[in-house]
Amino acid sequence: MTEWITTREAAQRLGVKRTTLYTYVSRRLLTRRRNGGESLFDRAEIDALAGTRHHPGSPLGVLPMRAVRSSVSEVREGELFLRGVPLADLADEPFDEVVDLVLNTAPAVAVEVPAHLSALPLNRRLPGLAQWAGSRGERVEPAAAAGIAKGLLSAAPVALGGQAEPDRPLPDAIFAAVAGRPGSPREVGALNTALVSLVDHGLAASVVAARVAASARASAYDCLVAGYAALSGRLHGGIGPSALAVLRSGGPDDAEQGLTGFGHWRHPEGDPRADAILARLALVEGAAPTLARLSEIAARTERRPNIDGALAALVLICGLPDDAAEVLFQVGRTAGLAAHVAEESEEDPLRWRATDPNT
């Protein structure tokens with residue numbers, strides 16, 4: 001028997017706008033029926049199209065994960081929601097409060113920062129701290145990942161070379177630790193928005209890695225380490241230097257060439273995370289030349305800046321180290337990773353197993 005689903009659910013499953021659904025109907029890729037004033041779609045057809053369709057700009061061979069449901073975040077019609085709240089409503093909220101929204105009010109588990117972390121590059125310190133802390137005490141179940149994440153975030157400024165100041169807002173302390181100087185209120189405000197924007201973005205590679213570890217019932221620390229490992233990839237959180245190179249050089253002359261930092265297949269009308277960050281950066285003194293260069297590249301290539309382009313602009317405008325974008329990605333995404341780890345702990349174990357579609 002055919003199961004009919006609403007336009008909203010069909011668009012969400014495909015990750016497209018409603019108007020795109022109607023385009024598929026006109027091309028006879030989908031069947032639509034009317035029920036009163038509402039359009040309904042065949043769920044089997046939607047799921048089949050989701051499993052075979054290649055979104056423009058998306059990685060080739062993306063595996064369908066329609067069976068994985070999460071309440072942490074979702075991208076719906078190009079907009080990002082955290083726990084059901086639009087990013088636009090959270091962009092100016094304190095990062096600590098957004099962390100509580102995503103992780104609830106679990107108390108932080110204290111983490112001591114070892115002296116040897118100072119010998120590591122900035123972008124290796126938070127993963128190194130998680131690995132070290134996980135090897136020091138009793139095993140912590142993945143269900144308790146929220147408290148672990150909050151402990152790591154509290155310790156992050158010290159791990160990154162800053163001072164232990166418990167009453168200082170985390171974005172302020174992170175800025176000072178990474179930049180080596182206090183940030184102006186507007187610089188810190190832009191960084192706060194960046195951290196909020198980086199909390200979660202659905203089943204990205206780092207989230208999948210963390211959830212696979214949680215499915216195997218690894219410790220909460222090890223689940224986060226797995227997420228950080230995937231995040232370090234040069235096509236994920238480690239893409240910052242490539243985006244910086246594009247912004248510094250002015251971008252390629254040919255718009256068909258690779259253009260790191262611009263365009264996003266899940267946000268064809270523009271990345272809301274980038275829009276939020278760039279709006280705050282526009283208020284920072286001295287930002288105009290960098291933002292003008294970003295706009296010029298976008299106009300010439302007809303691709304709007306994405307989260308990586310916005311982070312590259314933040315790094316240049318605020319004079320941060322070249323690896324700062326990955327560090328900010330790690331700090332912001334720690335909350336999202338932990339939320340997914342805790343959520344996965346409630347599912348059947350070892351469910352992330354490949355199957356042969358031909359058997």
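None of the figures in this text is laboratory data; all of them are computed from the coordinates on show. Since the model is a prediction, treat every value here as computed from it, not as a measurement. All Cβ positions, even for glycine, are placed from backbone atoms using ideal geometry, and neighbour counts span all protein chains on display.
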Of the residues Trp352, Leu129, Ala213, the Cα lying farthest along the dipole of the range 87-359 towards its positive end, which is defined by charges on the beta carbon of Lys, Arg, Asp and Glu, belongs to Leu129
If amide H atoms are modeled at 1.01 Å from N in the peptide plane, then the residues at a separation of 5 or more from Thr260, or on another chain, having amide H under 5 Å from its own are none
So the FRET efficiency between Val25 and Ala216, C-beta based with R0 = 35 Å and rounded to 0.05, is 0.25
Final fewest-first order of Thr290, Thr105, Thr334, Thr31 on the 10 Å Cβ neighbour count is Thr105, Thr31, Thr290, Thr334
The chain, Kirkwood Rh and Cα Rg, ratio Rg/Rh at 0.98
Quick calc, Ala119 & Leu203: beta-carbon distance into FRET formula, R0 30 Å, rounding 0.05, result 0.30
Quick calc, the range 167-212, dipole around Cα centre from Cβ unit charges on Lys, Arg (+) and Asp, Glu (-), nearest 20 debye, gives 80
Computed for the chain: size of charge dipole around the Cα centre, +1 on C-beta of each Lys and Arg, -1 on C-beta of each Asp and Glu, debye to nearest 20, value 860
Ranked on Cβ counts within 10 Å of their own Cβ, fewest leading, Glu45, Glu326 go Glu45, Glu326
Taking r as the C-beta separation of Glu97 and Ala164 and R0 as 25 Å, the FRET efficiency to the nearest 0.05 is 0.70
In whole µm²/s, the translational diffusion coefficient that Stokes-Einstein assigns to the range 256-320, given a Kirkwood hydrodynamic radius over C-alpha pairs, 20 °C and 1.002 mPa s, equals 182
Along the dipole axis of the chain (charges at Cβ: +1 for Lys and Arg, -1 for Asp and Glu; origin at the Cα centre), the most positive-end residue among Ala282, Gly309, Gly189 is Gly309
In degrees rounded to 10, the 0-90 angle between helix 324-344 Cα long axis and the longest Cα principal axis of the chain is 60
Counted neighbours (other Cβ, 10 Å), sorted fewest up, put Ile239, Ile148 in the order Ile239, Ile148
proj_area_mean for the range 185-268 (convex hull on C-alpha atoms), units nm², value 7.4
Given the candidates Gly332, Pro252, Val85, the one whose Cα lies deepest towards the positive end of the charge dipole of the chain, counting +1 at each Lys or Arg C-beta and -1 at each Asp or Glu C-beta, is Pro252
Rounded to the nearest 10 degrees, the helix 240-249 long axis (Cα) sits at an angle to the longest Cα principal axis of the chain of 90
A correct Karplus calculation of ³J(HN,Hα) over the range 106-116, with 6.51 cos²θ - 1.76 cosθ + 1.60, θ = phi - 60°, whole Hz and x for Gly and Pro, returns 4, x, 6, 8, 4, 10, 8, 9, x, 5, 5
Length gained, Glu347-Arg43, 0.36 nm per residue minus C-alpha separation, equals 107.0 nm
Contact order relative to length for the range 87-359, counting C-alpha pairs under 8 Å separated by 6 or more residues, stands in percent at 28
Note to self: C-alpha centroids of the range 98-160 and the range 268-309 sit apart, in Å, by 32
Per GNM of the chain with C-alpha springs under 10 angstrom, the most fluctuating residue out of His201, His264, His116 is His116
Longest principal axis of the chain (C-alpha) makes with the long axis of helix 122-134 (C-alpha) an angle, in degrees to the nearest 10, of 90
